[in-house]
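S.K.: Got a structure for you, questions after.
The values are calculated or read from the model by the stated rules, or taken from the named source; none is laboratory data. All figures in this text were calculated on a predicted structure; none of them were measured in a lab. Because the Cβ atoms are built from the backbone with ideal geometry, glycine has one as well, and the counts that use them run over all protein chains shown.
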Amino acid sequence: MLSEFSEIQGQLKVLCEERSILLDTLRQLEAANIEAESSGIHDGDYQLSKHEYSGIGRGKYSEGSTTESSGDIEKQELEDVSDEDETSFHDTKEHFTEPAVICGSVRGAADHADNQKENENQLDDVERMHGDKEDCYSRYAQIERRKKLPDPVEKEKGVSLWSMIKDNVGKDLTRVCLPVYFNEPISSLQKCFEDLEYSYLLDRAYKYGKEGNSLQRILNVAAFAVSGYASSEGRHCKPFNPLLGETYEADFPDKGVRFFSEKVSHHPTLIACHCEGNGWKFWGDSNLRTKFWGRSIQLDPVGVLTLEFDDGEIFQWSKVTTTIYNIILGKLYCDHHGLMHIHGNREYSCKLKFKEQSILDRTPHQVHGSVEDLLGKKVATLTGKWDDSMYYISGDFSGKLKDCNPSNASLLWKRDKPPSNLTRYNLTSFAITLNELTPGLQKLPPTDSRLRPDQRHLENGEYDRANAEKQRLERRQRMSRKLQENGWKPRWFHQDSENGSFRYTGGYWEAREQGKWDGCPNIFGEFNEELVDSSE
Ligand SMILES: CC(C)CCC[C@@H](C)[C@H]1CC[C@H]2[C@@H]3CC=C4C[C@@H](O)CC[C@]4(C)[C@H]3CC[C@]12C
């Protein structure tokens, strides 16, 4: 009896080991997949050698396999982001762990010298600021949105993963479909809208600028640029790579914004977006340049984001580098680092430094920076963390943050609390609402991400069906190169012939009003598979 038990225990141990090796291998595959997608190489362009697969079977794996499989990927060197000649920033962790905060949204930066005595409790201030946020919202219609994802229909199955690998040993990866196991039920088009979760900062920036407070305007814009990163904390799954021509609309009257995005190119992968709020417009297109470092992947977003206020003030910036660590072994996490320069066309510009996390760093995710006037004089200092909050102090404290009294710090932005119903995807409350088919969405075009079947099945926890559909749609995706070569054009964006950036051509919301979707093909439907083969 005892020996039987220990035998079973031994078998279990072997199975567990095999499972974790399998998961690591899948991570590697998926990592190669990310690299390929963003370099314009499609999922099917890999070959995984029999040697590597049989390695899995034997309980070993080759660490270099992803590098090998991505051998033909165009390797682009990174621009050297040298910050040496930039502002020298001081580590503020001693001073800003528990600052007493004055709400940035209530007063202008200039008043602060008189208000040093004010030592209010941080919580009250956050509430006060959030009260201000509510004020912004209450003008708009309220829409009832879901608080959690649907309960999964099936249980998650490790076993089917194993059989997937087992069944594909030695096969050309063109024929292998990577399982949805590593995906989150959100497409990259929807993920772009996550950057607008804290769009109230832009409403606030607009209001301040209109009142003549341009310093508060840029401070809120800077907080907005940082706030977009908050949702990436604790997220370990990959968004769905949209099909060419796939779109996503987000009409959020409750936030006073309307967002629209389209996948405008598959080779290279490019997404364009356009968002309108009260008194401002925000647009951009994004492409990722990737570098594979063995254990980590570095993603460098290429492209400029533009924010234009109705009074003509414009701000432009680019996103910083994101590195995903531990893609082979260990706990996967991502960090954002580098310099973000927010260029304004009027009085102020802003420089923000996202500090690279080091192993010994007790306070990771720090962001420091300053606002400069036209003469380069620092008029305000910013400090905070991209996954938590941003504060400012008026005046130049970049060189002497240590001497400054933390009660001067004013809160600009604080991240919302995580939802009470955490899923394995770690979506924020906002992200949970993005793929919901709310009652008002009957007139969606056939290209909307919400109608993508594999993503819907994953959201419902129907993993087998999701995998089958993903495989079918990936075959369709392989036609994209041919389509583009044959002159395929985005439906809602136009590429500027001079700088290559994409601008919204208009008409989407008007077409939606009438439910008229001429020129919007049923990209998720059935297609002629012969066309796929001829394109390869
Ligand atoms: C199996 C492995 C390697 C899966 C890793 C998946 C996750 C962590 C990766 C896949 C794609 C990544 C995203 C791709 C693009 C951007 C835009 C950038 O401006 C901010 C980071 C962000 C939002 C990345 C965050 C991390 C991310 C979601």
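S.K.: Being buried (at least 18 other Cβ atoms within 10 Å of the Cβ), among the charged types (D, E, K, R), assigned to a helix (DSSP H, G or I) and in contact (Cβ under 8 Å) with a residue 60 or more places away in the chain is the filter here; which residues of the range 460-474 pass it?
M.R.: Result: K470, E474.
S.K.: Looking at the range 204-213, which of the residues that are surrounded by fewer than 23 Cβ atoms within 10 Å (Cβ to Cβ) and touching a residue at least 24 places away in the same chain (Cβ under 8 Å) is nearest to the ligand (Cβ to nearest atom)? Before the answer, list the steps.
M.R.: First pass over the range 204-213, keeping only residues surrounded by fewer than 23 Cβ atoms within 10 Å (Cβ to Cβ): 206-208, 210-213.
With touching a residue at least 24 places away in the same chain (Cβ under 8 Å) added as a condition, the list becomes 206-208, 210, 213.
Numbers: Y206: 24, K207: 27, Y208: 26, K210: 30, N213: 29 Å.
Checking each candidate, the answer is Y206.
S.K.: Follow-up. For the range 18-37: of the residues being among the small types (G, A, S) and at pLDDT 70 or above, which is nearest to the ligand (Cβ to nearest atom)? Show your work before the answer.
M.R.: Taking the range 18-37 first, the residues among the small types (G, A, S) are 20, 31-32, 36.
Pick out the ones that are also at pLDDT 70 or above and you get 20, 31.
On the way: S20: 14, A31: 4 Å.
Step by step, filter the range 18-37, then rank; the result is A31.
S.K.: Could you please find all residues in the range 275-312 being more than 12 Å from the ligand (Cβ to nearest atom), modelled with pLDDT of 95 or more and more than 21 Å from R217 (Cβ to Cβ)?
M.R.: Passing the criteria: only D285.
S.K.: Would you confirm whether any residue within the range 346-358 is surrounded by fewer than 21 Cβ atoms within 10 Å (Cβ to Cβ), within 14 Å of L219 (Cα to Cα), without any contact (Cβ under 8 Å) to a residue 60 or more places away in the chain and not β-branched (V, I, T)?
M.R.: No - not one qualifying residue is present in the range 346-358.
S.K.: Additional query: Which count do you get for residues in the range 436-459 that are assigned to a helix (DSSP H, G or I) and touching a residue at least 12 places away in the same chain (Cβ under 8 Å)?
M.R.: To start, the set of residues in the range 436-459 that are assigned to a helix (DSSP H, G or I) comprises 439-441, 449-451, 453-459.
Next, only the ones that are touching a residue at least 12 places away in the same chain (Cβ under 8 Å) stay: 440, 449-451, 453-459.
Qualifying residue count for the region: 11.
S.K.: Could you give every pair whose Cβ atoms fall below 9 Å, whose first residue belongs to the range 313-326 and is more than 16 Å from S349 (Cβ to Cβ) and within 9 Å of the ligand (Cβ to nearest atom), and whose second residue is part of a strand (DSSP E or B) and polar (S, T, N, Q), counting only separations of at least 6 or pairs across chains?
M.R.: Close Cβ pairs (under 9 Å, with a partner that is part of a strand (DSSP E or B) and polar (S, T, N, Q)) amount to K319/S286; T321/Q298; T322/Q298; I324/Q298.
S.K.: Provide a single number: the residues in the range 196-208 that are out of contact with any Ser or Thr (no Cβ under 6 Å at 6 or more places or on another chain) and either assigned to a loop (DSSP other than H, G, I, E, B) or within 14 Å of K281 (Cβ to Cβ) (or both).
M.R.: Residues in the range 196-208 being out of contact with any Ser or Thr (no Cβ under 6 Å at 6 or more places or on another chain) and either assigned to a loop (DSSP other than H, G, I, E, B) or within 14 Å of K281 (Cβ to Cβ) (or both): 7 in total.
S.K.: In addition: Output the number of residues of the range 214-248 satisfying the condition of being away from the ligand (no atom under 15 Å from the Cβ) and either under 30 Å from E372 (Cβ atoms) or of a type in the set (A, V, I, L, M) (or both).
M.R.: So the count comes out to 12.
S.K.: Considering only the range 326-350, how many residues are at pLDDT 95 or above, among the polar types (S, T, N, Q) and assigned to a loop (DSSP other than H, G, I, E, B)?
M.R.: 1
S.K.: What are the residues in the range 214-229 that are crowded, with 23+ Cβ neighbours inside 10 Å and assigned to a helix (DSSP H, G or I), if any?
M.R.: Quick first cut of the range 214-229, residues crowded, with 23+ Cβ neighbours inside 10 Å only: 216-227, 229.
Listed by number, the residues that qualify are Q216, R217, I218, L219, N220, V221, A222, A223, F224, A225, V226, S227.
S.K.: Follow-up. Tally up the residues in the range 492-508 that are part of a loop (DSSP other than H, G, I, E, B) and within 21 Å of V304 (Cα to Cα), please.
M.R.: Start the filter on the range 492-508 by keeping residues that are part of a loop (DSSP other than H, G, I, E, B), which leaves 492, 496-501, 505-507.
Add one more test, that the residue is within 21 Å of V304 (Cα to Cα), and what stays is 492, 496-501, 505-506.
Within the range 492-508, residues that are part of a loop (DSSP other than H, G, I, E, B) and within 21 Å of V304 (Cα to Cα) number 9.
S.K.: For the range 325-345, which residues satisfy the criterion of being more than 20 Å from E372 (Cα to Cα), crowded, with 16+ Cβ neighbours inside 10 Å and touching a helix residue (DSSP H, G or I) at 6+ places or on another chain (Cβ under 8 Å)?
M.R.: Residues satisfying the conditions are I327, I328, L332, C334, H336.
S.K.: Within the range 358-369, is there a residue that is at pLDDT 95 or above and under 19 Å from A205 (Cα atoms)?
M.R.: Looking for residues that are at pLDDT 95 or above and under 19 Å from A205 (Cα atoms), one finds at least one in the range 358-369, hence yes.
S.K.: A further question on this structure: Just to be sure I understand the filter: pairs with C-beta atoms under 6 Å, separated by 6 or more residues or on different chains, first member in the range 223-243 and over 18 Å from S429 (Cβ atoms), second member of a type in the set (F, W, Y) and within 11 Å of the ligand (Cβ to nearest atom). Which pairs pass?
M.R.: Cβ pairs passing all conditions: V226/W386; K238/F182.
S.K.: Taking H266 as meeting all but one of (1) over 21 Å from L352 (Cα atoms); (2) away from the ligand (no atom under 14 Å from the Cβ); (3) touching a strand residue (DSSP E or B) at 6+ places or on another chain (Cβ under 9 Å); (4) of a type outside the set (D, E), write down the number of the exception.
M.R.: Status for H266: all satisfied but (3).
S.K.: Next up: Filter the range 410-429 for residues that are buried (at least 19 other Cβ atoms within 10 Å of the Cβ) and over 23 Å from E156 (Cβ atoms) and give the result.
M.R.: S410, L411, L412, W413, K414, R415 - these are the residues of the range 410-429 that are buried (at least 19 other Cβ atoms within 10 Å of the Cβ) and over 23 Å from E156 (Cβ atoms).
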